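Peer 1: Before I ask anything, here is the structure I am working with.
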Amino acid sequence: MPFWKRYNHYIAIVLLLAIPIFSLSSKARAGEGGALFGGASFSQYVATAGVGGAMGWLSDLFDSSSAKTIEDLQTQIFSLREENTRLIGVLQENNRLRKLVGFKSANPKFSLVPADVISRDVSPFFNVVSVRIQTDEKILPNQPVVSHEGVVGKVYRVNRNYADIMLINDSRSGLDVLTQRTRARAVVRGTGDSTNADVQLDYVTSDSEVRKGDVIVTSGMGGVFPPDLIVGRIKELQPKTNTMFRDAQLTPAVDFSRLKTVYVITGKD
Amino acid sequence: MEWALKTILSLVLILGEGVVYGLFGVENFTLQLGLALTIVLGLSRDFSSSAFILIMILWPMEWAIRGERGHYVFAAVTLFFLLRFLSAKLKTSIPQLFFISFCAGMVHSSVMILTTFLLNPDSTSLPSILSNIVWAAFLVSFGALFIQKLFDFLGSFYTVRRENALGNL
């Protein structure tokens with residue numbers, strides 16, 4: 001009997017155990033992702049481009065077959081609608097760029113590196129997205145990531161042009177913040193609850209002037225995020241009691257389900 | 001060749017799942033197809049081919065999960081061996097498969113909690129795993145049903161081809 005046929009069960013068991021044990025013993029807990037991570041990110045980028053392309057092709061096919069059957073007037077209506085949609089898109093883009101220009105002028109020492117979201121973590125336990133960096137600029141772990149809406153998270157792992165971004169609603173994420181109105185200090189922590197996008201606002205002192213609806217911004221403490229970036233708005237606030245701190249819930253400014261393009265803030269040091 | 005096709009399909013599903021979630025912004029309804037595959041493979045009759053498929057998909061599963069390294073796949077392998085041990089005693093009709101997958105999902109999360117607690121006691125991902133344990137198990141049950149149906153379809157396709165080939169002889 002050949003060696004493989006005779007011992008295939010044992011070989012399979014050894015290999016099955018070896019992979020997770022090797023992975024568990026890997027010292028690179030965060031930071032550099034390795035070549036395997038890069039390969040997976042590349043294949044996911046190709047898949048994203050492929051699915052996007054296929055959707056566009058199907059959309060074009062549908063449009064061309066419909067165009068044959070509709071009246072001239074309907075064609076005009078469609079083209080006008082299309083133009084209108086495009087103009088709305090241009091206005092939104094303009095608005096986004098204006099906000100980014102505002103950030104640039106307020107923080108001239110930083111630069112924004114654009115990155116496209118290519119995939120998400122597939123488990124409900126972790127809130128991480130993978131991005132493809134659009135430029136050749138070197139990205140480092142822990143660099144802050146923003147969108148035109150506000151703070152997204154920070155770089156978790158990097159491999160060449162690909163990076164994993166840990167969102168602020170991940171349970172491993174913590175962020176030093178201030179209320180914009182009264183400059184009261186607090187810490188934003190991700191709950192990790194996949195059924196609720198809100199995050200926790202910890203260490204709000206009972207005597208601080210904080211109320212529902214207050215805008216929360218980054219404090220600049222901790223050395224990761226620049227100050228005064230919008231994080232979110234207070235949704236729920238525990239009434240004042242005799243305890244030292246009050247619990248609060250925050251609705252993030254960024255809608256994480258609609259992330260397409262994000263910006264890594266580089267050039268701090 | 002059936003196992004080779006299943007392996008390729010499994011790899012496509014694991015890599016494609018994150019891409020689809022990224023494109024459509026899915027946050028709450030993640031089926032964890034990698035874990036679902038592990039459950040279906042653990043319950044299948046042939047150890048060698050299912051173990052081989054699992055070996056091939058473990059690294060992609062590790063890439064697809066952006067948590068602390070190794071914990072997710074370690075729990076998946078533990079679950080695979082547990083299901084192999086119990087598979088002779090378990091019936092896998094659709095309602096039973098749903099229930100077994102739900103329990104398997106809970107066991108997987110529990111093993112993750114245990115390994116995280118033992119190896120990374122300072123980790124802040126424990127509350128996240130704990131708060132999502134039931135929801136994750138519920139969703140993975142649907143993932144397992146989907147994978148089982150897909151594998152059954154592939155199996156029937158190969159059975160028909162084999163019968164046709166024997167008929168031609």
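The values are calculated or read from the model by the stated rules, or taken from the named source; none is laboratory data. It should be emphasised that the depicted structure is a prediction, and the values quoted were computed from it without experimental measurement. Please note: Cβ atoms are built from the backbone with ideal geometry, for glycine as well, and neighbour counts cover all protein chains shown. Ligands, DNA and RNA are stripped out before the accessible areas are found, and what is left, the full protein with its side chains, is counted by its heavy atoms. Shrake-Rupley method; radii C 1.70, N 1.55, O 1.52, S 1.80 Å.
Peer 1: May I ask you to derive the relative contact order of chain B, considering only C-alpha pairs under 8 Å and at least 6 residues apart, and to give it as an integer percent? Display every interim value, and only then the final one.
Peer 2: Details: 158 pairs, mean separation 49.7, N = 169.
About 29 percent, as a whole number.
Peer 1: Highest first, please rank the peptides A:8-18, B:21-31, A:164-174, B:78-88 by the mean number of other Cβ atoms sitting within 10 Å of their residues.
Peer 2: The densest-packed peptide leads the list: A:164-174, B:21-31, B:78-88, A:8-18.
Peer 1: Right, next: Given all pairs of different Cα atoms, what value in angstroms does the Kirkwood hydrodynamic radius of the range B:18-105 take?
Peer 2: In the range B:18-105 this quantity evaluates to 13.8 Å.
Peer 1: According to a simple spin-label model (label point 7 Å from Cα along Cα-to-Cβ), what is the distance in nm between B:Lys149 and A:Asp207?
Peer 2: 6.2
Peer 1: A further question follows. Debye sum, Cα scatterers, the range A:110-268, no solvent: what log₁₀ I/I(0) at q = 0.12, 0.17 1/Å?
Peer 2: Treating every Cα as an identical point scatterer, log10 I(q)/I(0) equals -0.49, -0.93.
Peer 1: Further, regarding this structure: Quick check on the range B:41-153: what does the Kirkwood estimate of hydrodynamic radius come out to from the alpha carbon pairs, in Å?
Peer 2: 14.7
Peer 1: I've got another one for you. Mind checking the mean number of beta-carbon atoms from other chains within 10 Å of the Cβ atoms in B:122-135?
Peer 2: 5
Peer 1: Still on this structure, please answer the following. What net charge is computed for the residues neighbouring A:Phe125, neighbours being all others with C-beta under 11 Å from the C-beta of A:Phe125, Lys and Arg scored +1, Asp and Glu -1?
Peer 2: -2
Peer 1: Okay, moving on. Using mean Cβ contacts within 10 Å as the protection proxy, how do A:146-156, B:106-116 order, highest first?
Peer 2: A:146-156, B:106-116
Peer 1: I would also like to ask the following. I'd like to know which of B:His108, B:Gly25, B:Tyr72 lies farthest towards the positive end of the charge dipole of the range B:5-117, counting +1 on Cβ of Lys and Arg and -1 on Cβ of Asp and Glu.
Peer 2: About the Cα centre, the residue reaching furthest to the positive side is B:His108.
Peer 1: I would also like to ask the following. Determine the sum of side-chain charges near A:Val215: Lys and Arg each +1, Asp and Glu each -1, restricted to other residues whose C-beta is under 14 angstrom from that of A:Val215.
Peer 2: That works out to +2.
Peer 1: Could you grab the relative contact order for the range A:110-268? Cα pairs under 8 Å, six or more apart, rounded to a whole percent.
Peer 2: Relative contact order comes out at 25 percent.
Peer 1: Counting only protein heavy atoms and rolling a 1.4 Å probe, how much accessible area do A and B lose on contact, total for both sides, in Å² to 100?
Peer 2: Looking at A and B, the buried total is near 4800 Å².
Peer 1: Now for a different question. What ratio of Cα Rg to 2.2 N^0.38 Å holds for the range A:199-267?
Peer 2: 1.28
Peer 1: Moving on. Magnitude of the Cβ-charge dipole of the range B:1-145, K/R +1 and D/E -1, about the Cα centre, nearest 20 debye?
Peer 2: 400
Peer 1: While we're on this one: Which of the chymotrypsin sites (Phe, Trp or Tyr not before Pro) found in the range A:199-260 are in a DSSP loop and have at most 13 neighbouring Cβ atoms, other than their own, within 10 Å?
Peer 2: Numbers: sites: A:Tyr203, A:Phe245, A:Phe256; in loops: none.
Loop-located and lightly packed - none at all.
Peer 1: If we count every other residue with Cβ under 13 angstrom of A:Asp176's Cβ, Lys/Arg +1 and Asp/Glu -1, where does the sum land? Don't skip to the end; give the middle numbers.
Peer 2: Values: positive: A:Lys154, A:Arg183, A:Arg185, A:Arg189; negative: A:Asp202, A:Asp228.
The answer is +2.
Peer 1: Determine the shielding of peptide A:128-136 by partner chains: average, over its residues, the number of Cβ atoms on other chains within 10 angstrom of each Cβ.
Peer 2: For this peptide, the per-residue mean of nearby foreign Cβ atoms is 2.
Peer 1: I'd like the accessible area for A:Lys138, computed on protein heavy atoms only with a 1.4 Å probe and all protein chains in place. Round to 10 Å², please.
Peer 2: Answer for A:Lys138: close to 140 Å² accessible.
Peer 1: Enter the mean number of other protein chain beta carbons within 10 Å of the beta carbon of each residue in B:70-80, as an integer.
Peer 2: Working: counts 9, 4, 6, 7, 6, 1, 3, 7, 3, 0, 1.
If you average over the peptide's residues, the count of other-chain Cβ atoms is 4.
Peer 1: Which one of A:Gly223, A:Ser194, A:Gly174 has its Cα pushed farthest toward the positive end of the charge dipole of the range A:144-269, where Lys and Arg give +1 and Asp and Glu give -1 at the Cβ?
Peer 2: Comparing the listed Cα positions along the dipole, A:Gly223 ranks first.
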